[in-house]
Amino acid sequence: MSDESRLEEAASSLFDKRDELNRQAERWRRERDRLNESVKDLQGKAGEEKEERDRINGKVAEIKKRVEGLRLELAEKRGGMEILDEELEESRRKLRSRRRLEEELREIEWELSTTPTVEIRDREAGLVERAKEIRLELDQHAKLDSQDDAYIHSLADSKAVEVVIRRGRDEMQSLHEESQEHHERMLALYGKADEERKQSDEVHKKFVECLNDIKEVNGELDKVMAELRERRKEVKDADRRVAMGKSRALDEKRKELAEEARRKLEAGEKLTLDEMKLIYGEF
């Protein structure tokens, strides 16, 4: 095999190798770009999950603040109710029972209305004064009853506040669970994004390796092509030299024939058409 053939075969092999490397590089580039786009998409979705989690956490914080305020309000209400309850107990202990007071008042009123004036004259003022005192005590019972109503109303308010607090806590628990779901999805998406980013980095390394291999093959190809061009130039030069040698030999032969034809012409010999053409330069 000639050097030129060997170099052409080597160049063809390098061209094939470079083409295959270019195809591989393109595949790695597309895979890297796909992974990068996927990472971007995953990060975007993770960001959406984070925003939703933060929004829910903000709502939980608002509810918690409101519940804390209600708890303080409830504590104040309970404190006031305890004081009121103690005061009512203390006041009732100082009073005779309502039933006995009412019975005594009825007896006095009955006696005043049914006893002849002559018989009750001496006791009438005392009975009237006693009836007045009883009525005052009954008024105290009525006041305590109104305070009881206030206590019951405050108790109802406290129960209502407790219901609101319980609902707030239930809502916070539900929101916390929802927030946790978004948080877990966010972590999963960020984790997958990190995993695909690592894959993208590995694919990019392979892409760069292909580029380096292509660069190396191009370097080898440049050398082979330079040598091939040199060999072709040498062959071309050799062919030109051979052609020039043949041309010179032909000229020399033509000159010899022309000289021979002139000699024959001078000698009066008959010339052929070709010999005439040689003498008169038609060849």
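The values are calculated or read from the model by the stated rules, or taken from the named source; none is laboratory data. What you see is a predicted model, and the numbers here were worked out from it, not measured in a lab. With ideal geometry, Cβ positions are generated from the backbone for all residues, glycine too; neighbour counts draw on all protein chains shown.
Observations
- Meets criteria (more than 58 Å from the chain's Cα centre (by Cα), of a type outside the set (K, R) and surrounded by 10 or more Cβ atoms within 10 Å (Cβ to Cβ)) for A258: yes
- Cβ-Cβ under 7 Å pairs, at least 6 apart or on other chains, region 233-249 side closer than 28 Å to L7 by Cα, far side at pLDDT below 80: V235/E4
- Taken as a whole, the structure places S179 among residues that are small (G, A, S), in a helix (DSSP H, G or I) and over 28 Å from W28 (Cα atoms).
- Tabulated pairs, region 169-191, first closer than 14 Å to E51 by Cα, second aromatic (F, W, Y) and part of a helix (DSSP H, G or I), C-beta under 8 angstrom, 6+ apart or interchain: none
- Hey, R71 under 50 Å from the mean Cα position of the chain (by Cα), at pLDDT 75 or above and within 30 Å of E184 (Cα to Cα) or not: no
- Any pair with Cβ under 6 angstrom, 6 or more apart, that starts in region 22-46 at a residue that is under 23 Å from M186 (Cα atoms) and ends at one that is among the hydrophobic types (A, V, I, L, M, F, W, C) and buried (at least 17 other Cβ atoms within 10 Å of the Cβ): V39/A193; L42/L189; L42/A193; Q43/A193; K45/L189; A46/M186; A46/L189
- All of A226, A238, A188 fail the test of being in a helix (DSSP H, G or I), within 56 Å of the chain's Cα centre (by Cα), surrounded by fewer than 17 Cβ atoms within 10 Å (Cβ to Cβ) and at pLDDT below 90, apart from A226.
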